[in-house]
Amino acid sequence: MRTRSLGCMCCASAPGSIRALAVLALLVGAGTPRIARSEVVEGRHSRVEVFASAGLTHAFNSWAETSLWPRLQLGVGYRVNSTLSAGADASWEYMGTYSVIYFPPGGDFLGATATVAMVPVRGYLTMRLPRIQRTRPYVSVCAGSYTLLTHIDGVGPPSFSRTRPGVGAAFGISGDETHFAPRLEFAYEARSTSDEELGGPMPKGWLHQVTMALGMRFQP
């Protein structure tokens, strides 16, 4: 009878022990992936991001011999949170050439070729949109200075530069949450112009242009 009673006590306590162990295992199992996942996210989501891209820019009211020119861009930003980023970028654009006529001192008029490049330096604010599979679209606005550099081949005419303000907006798609990710961007920009630039051929108003660029984003 005593043996039977002990057996009954063991049998009665076993289900409670098993249930306690099961609950403990579930708690540990649920907590461990959560901690590991948090560590992975913190390790992968650096707040600093760097990007570089190359593209083609088309101007709607260009005065140069071509309205399509190459563009190189480099930027660095800081992720304020999972949605917003703020930063700065700089670009170099080869805008082509145009012909000029000038009068050197003591001589007759001569012809020369002017080579023009533009260097935008801008601040930007980017908002990332909801994910689409493994990519994440984004929209961005920017504003800054656009410096027009003009180099004229010849002895007499001087080379010069002019800096004017400009604004822009962009829509792009980037790989999401990876150290290296490709990005495709379509941008629109408007730069203020004046009659004093380029010796007169650039009309006063705004230079409107669109850019399609392909590049890489890096988060250390």
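So that you can scan it fast, the table gives a plain yes or no per residue for (1) surrounded by 13 or more Cβ atoms within 10 Å (Cβ to Cβ); (2) at pLDDT 95 or above; (3) under 26 Å from Ala190 (Cβ atoms):
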residue: Val76; (1), (2), (3): yes, yes, yes
residue: Tyr98; (1), (2), (3): yes, no, yes
residue: Ile101; (1), (2), (3): no, no, no
residue: Gly111; (1), (2), (3): no, no, no
residue: Ala117; (1), (2), (3): yes, no, yes
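For region 119-131, which positions are exposed (fewer than 14 other Cβ atoms within 10 Å of the Cβ) and touching a residue at least 40 places away in the same chain (Cβ under 8 Å)?
Across region 119-131, the qualifying residues are Met127, Arg131.
Are there any pairs with C-beta distances below 6 angstrom linking a residue in region 147-172 that is within 17 Å of Tyr94 (Cβ to Cβ) and modelled with pLDDT of 80 or more to a residue that is surrounded by fewer than 17 Cβ atoms within 10 Å (Cβ to Cβ) and aromatic (Phe, Trp, Tyr), with the two at least 6 apart or on different chains, and if so which?
Going by the 6 Å Cβ cut-off, the qualifying pairs are Thr150/Phe160.
Six or more apart or on different chains, Cβ atoms under 8 Å: show the pairs whose first residue is in region 185-204 and closer than 16 Å to Met95 by Cβ and whose second is assigned to a strand (DSSP E or B) and at pLDDT below 75.
Matching pairs, first to second residue: Gly199/Val100.
What are the pairs with Cβ atoms under 7 angstrom where one residue, in region 89-107, is farther than 30 Å from Gly123 by Cα and of a type in the set (A, V, I, L, M) and the other, located anywhere, is modelled with pLDDT under 65 and not in a strand (DSSP E or B)? Sequence gap at least six, or different chains.
Val100/Pro157; Val100/Gly199
Is there a residue being modelled with pLDDT under 90, under 22 Å from the mean Cα position of the chain (by Cα) and hydroxyl-bearing (Ser, Thr, Tyr) anywhere in region 120-132?
No, region 120-132 contains no residue that is modelled with pLDDT under 90, under 22 Å from the mean Cα position of the chain (by Cα) and hydroxyl-bearing (Ser, Thr, Tyr).
The values are calculated or read from the model by the stated rules, or taken from the named source; none is laboratory data. Quantities reported herein were computed from a predicted structural model and do not represent experimental measurements. When we count neighbours, we look across all protein chains shown, and the Cβ atoms used for this are built from the backbone with ideal geometry, even at glycine.
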